[in-house]
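Read-outs: derived from the displayed coordinates by stated rules, not from any lab. Small disclaimer: the values here were computed from a predicted structure and weren't measured.
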Amino acid sequence: MNVDRPVRLVPWARLKADRVRGGDVLLYPEKALYLNPTAAAIVRLCGTGLGAGAIAARIGVGTDEALAFLGELAQRGLLEEDPP
């Protein structure tokens, strides 16, 4: 994954508030991924034209931490890089 290339969620993934558990959940076909506050902040910034490095700087986490989480989303087929 390119640190500078903007990333976005795939169209079939949605970030929703989980009123029962009091957090955020990433919903995608037949599955749900419950997110901690840092992960939810990263997901909220996907699709805003920011790359992993800029997302990490914006929320105050290490680039490696943001890249690891975004890489996990990409492996699950939930994240795309914008074309160059």
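Brief remarks on what is shown
- The mean sequence distance of close C-alpha pairs (under 8 Å, at least 6 residues apart), as a share of the length of segment 7-76, puts its relative contact order at 24 percent.
- For GLY23, the residues whose modelled amide H falls within less than 5 Å of its own, excluding neighbours fewer than 5 places apart on the same chain, are ASP18.
- Karplus-derived HN-Hα couplings along segment 7-22 (A = 6.51, B = -1.76, C = 1.60, θ = phi - 60°), whole Hz, x at Gly and Pro: 10, 8, 6, 5, x, 8, 10, 9, 8, 10, 7, 9, 5, 6, 8, x
- Ratio of the Cα radius of gyration of the chain to 2.2 N^0.38 Å, where N counts its residues: 1.02
- Per-residue 3J(HN,Hα) values for segment 61-68, derived from phi via the Karplus relation 6.51 cos²θ - 1.76 cosθ + 1.60 with θ = phi - 60°, read 10, x, 4, 4, 5, 5, 4, 4 Hz in sequence order (x marks Gly and Pro).
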